[in-house]
Structures are given as C-alpha cells and as structure tokens.
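What follows draws every value from the coordinates through simple rules; no lab data is involved. Note that this is a predicted model, so its numbers are computed, not measured. Positions of Cβ are backbone-derived with ideal geometry, glycine not excepted, and every protein chain shown enters the neighbour counts.
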Amino acid sequence: MVKLKAKNRSEQLVHDLGRKIVTGEIPPGELLPKVEDAGEMLNVSRTVVREALRVLSTMGLVRSNQRAGTVVLPRSDWQWWNLDVLTWVLEDEKNTDFLVHLTEVRLGLEPTAAALAAKRATDQDMVKIKDAFERLELSIGDERAWASADYDFHESILQASHNDLIINTVKTLRKALVISREKTLEASKNLPESPYDSPTQEVFKRHRVIYDAIIARDEELARQKMTDLILRVKRILEKIYGFQD
C-alpha cells in the first residue's frame with residue numbers, strides 16, 4: 001500500500017514537472033532543485049523525487065549528474081513519440097505550430113505507406129482495403145460511421161505497406177492526431193472548410209483516387225494522391241493558426 005502511494009506521488013510529480021518543462025514554464029538550461037531540496041519543498045520523499053527525475057530523463061526532458069545537478073534539456077532532445085510528451089505539448093495552447101509539424105510528419109510517412117501498399121499488398125490486404133472503402137462509401141452522410149470506416153481505410157493501407165517502422169510510428173502518433181483533431185475542429189468553426197474529412201461525396205472522391213491507385217498497383221499515383229490529401233489538411237491548419245514557415 002505504501003509503495004503504491006509513493007508510486008502515485010512520483011507519477012504526479014512527473015506529470016507536474018513534465019508539463020511545466022514542455023510548456024516552457026521551466027525553460028531549457030534551467031537547473032532543477034537538488035533532490036533533498038525538492039523533497040522538502042514538495043513534501044515528498046527523496047525516493048519519489050529520484051523516481052520522477054528518472055522517468056523525466058527517459059523522456060529526454062532532463063539530464064542528471066552528481067556534479068552539475070539536474071538540467072532541463074532543449075526540445076531537440078525530447079522523446080517526441082512518448083505519449084505523455086505528445087499529450088503535454090498538445091494541451092499547451094501556445095503549441096499550435098506543433099499541429100502543423102505533426103501533419104508534416106504524416107506527409108513523410110503516409111504517402112510512402114500508400115505507395116508501398118500498392119506494391120506489397122497481398123490478396124488478403126486488398127480485400128481489407130476494399131471492404132473499408134466500400135463501408136466508406138456506404139457511410140456518406142453519417143459522421144460516426146464515416147469516422148470508423150475512414151480509420152479502417154487508412155489503417156488497412158498502413159498495414160498493407162508491411163513496413164513495421166512506419167506502422168508503429170503512425171500508431172504512436174494516433175493519440176496525438178485524435179487530440180489535435182478535437183482542438184482543431186473547435187478552432188476551425190469560423191472557417192468555411194475543415195481540415196478533417198466529413199462524409200460528403202466530394203471528400204469520398206479524394207479517397208476513391210487513392211483506392212483506385214492502390215488497386216491498380218500504381219505506386220507513384222498512390223503516393224501522389226495521399227500526398228494531396230494530407231497537403232490539404234496542412235494548408236487549412238496553416239490558415240487556422242496563421243502558421244508561416
């Protein structure tokens with residue numbers, strides 16, 4: 001029971017310090033209080049502080065050594081695919097440029113996955129892609145059914161790439177994509193177009209050209225049409241947040 005309580009306090013400290021680092025409240029280069037001082041300030045044991053710092057270190061947020069103490073690391077050192085880091089970044093209202101950067105990562109992965117799917121998809125893969133696409137067509141006008149079919153369509157393409165690194169990376173990003181979608185839908189209410197797909201014939205046609213290219217095993221066309229789909233998202237996000245390169 002005591003161990004569980006200590007663990008919970010350590011997890012809370014990780015959350016509190018992690019968010020402060022990610023939001024810039026504790027900037028890169030700043031030294032954190034010594035373990036014993038932090039324990040007294042926060043009314044927790046040294047064990048709790050050490051465990052929290054150890055976890056933050058695995059996230060690339062801090063580095064500790066006996067001589068220099070614990071220093072906050074620059075953003076370039078952060079483990080960006082860590083789900084806690086991704087969540088803290090997306091919860092920070094000042095980090096709107098991260099949503100654009102996230103889309104740029106998609107641009108680097110999903111068109112390649114589509115091209116690989118066109119090349120490598122097995123007969124079974126093609127059946128799954130076809131099934132998801134047909135459900136996509138049937139769900140036009142139904143937002144909930146569309147969201148499910150759209151997820152399965154993109155997932156079936158991803159799996160058909162048979163590239164474990166791409167598959168794993170996109171899955172890791174999925175939580176961030178869900179959070180970013182929720183944030184952006186609110187921010188895009190005053191715009192005539194949304195960066196996210198809605199169940200309309202027009203949007204369905206954008207998916208059809210991707211589907212047709214993969215079925216025809218046209219790698220370059222599949223790559224280009226998936227690129228076009230994600231570039232549209234990027235362009236609208238840039239408009240929403242006034243983002244400039």
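Given charges of +1 on the Cβ of Lys and Arg and -1 on the Cβ of Asp and Glu, with all other atoms neutral, how large is the dipole of the range 1-73 about its Cα centre, in debye to the nearest 20?
Numbers: 12 positive and 8 negative charges, 64 e Å.
Around 300 debye, computed over the range 1-73.
With +1 on each Lys and Arg Cβ and -1 on each Asp and Glu Cβ, how big is the dipole of the chain about its Cα centre, in debye rounded to the nearest 20? Before the final figure, lay out the partial values.
Working: 37 positive and 39 negative charges, 150 e Å.
Approximately 720 debye in magnitude.
Run the reach check for residue 225 against aspartates and glutamates, Cα to Cα strictly under 13 Å, same-chain hits fewer than 8 apart removed. What comes back?
Once the sequence-local aspartates and glutamates are set aside, what remains near residue 225 is 110, 212.
Scaled to the compact-protein estimate 2.2 N^0.38 Å, what is the alpha-carbon radius of gyration of the range 64-146, rounded to two decimal places? Mind showing how you got there, number by number?
Details: Rg = 20.3 Å, N = 83, 2.2 N^0.38 = 11.8 Å.
Ratio of Cα Rg to 2.2 N^0.38 Å: 1.72.
Report relative contact order for the range 11-117 in percent, whole number only (criteria: Cα-Cα under 8 Å, sequence separation at least 6). Present the calculation step by step, with values, prior to reporting the outcome.
Details: 97 pairs, mean separation 28.4, N = 107.
Answer for the range 11-117 is 27 percent.
Which of the pairs 20/239; 128/234; 94/175; 175/205; 205/234 have their Cα atoms more than 23 Å apart in this structure?
Details: 20/239 28 Å; 128/234 28 Å; 94/175 19 Å; 175/205 27 Å; 205/234 19 Å.
Long pairs (Cα-Cα over 23 Å): 20/239; 128/234; 175/205.
Please name which of 99, 80, 116 has its Cα lying farthest along the dipole of the range 80-120 towards the positive end, using unit charges on Cβ (Lys, Arg +1; Asp, Glu -1) and the Cα centre as origin.
It is 116, whose Cα lies furthest towards the positive end.
With only alpha-carbon atoms in the gyration tensor, what are the semi-axes of the equivalent ellipsoid for the chain, in Å, largest first? Mind showing how you got there, number by number?
Values: eigenvalues 349, 76, 54 Å².
So the three semi-axes of the chain are 42, 19, 16 Å.
To the nearest Å, what is the center-to-center distance of the range 80-129 and the range 210-228, using C-alpha atoms only?
Cα centres, the range 80-129 to the range 210-228: 17 Å.
What's the extension gain from residue 64 to residue 228 if we count 0.36 nm per residue and subtract their Cα-Cα distance? Each step should come with its number before you reach the end.
Working: separation 164, 0.36 × 164 = 59.04 nm, distance 4.47 nm.
Full extension from residue 64 to residue 228 adds 54.6 nm.
With no solvent and one equal point scatterer placed on each C-alpha of the range 2-115, evaluate the Debye formula and give log10 I(q)/I(0) for q = 0.20 Å⁻¹, two decimals.
-1.06
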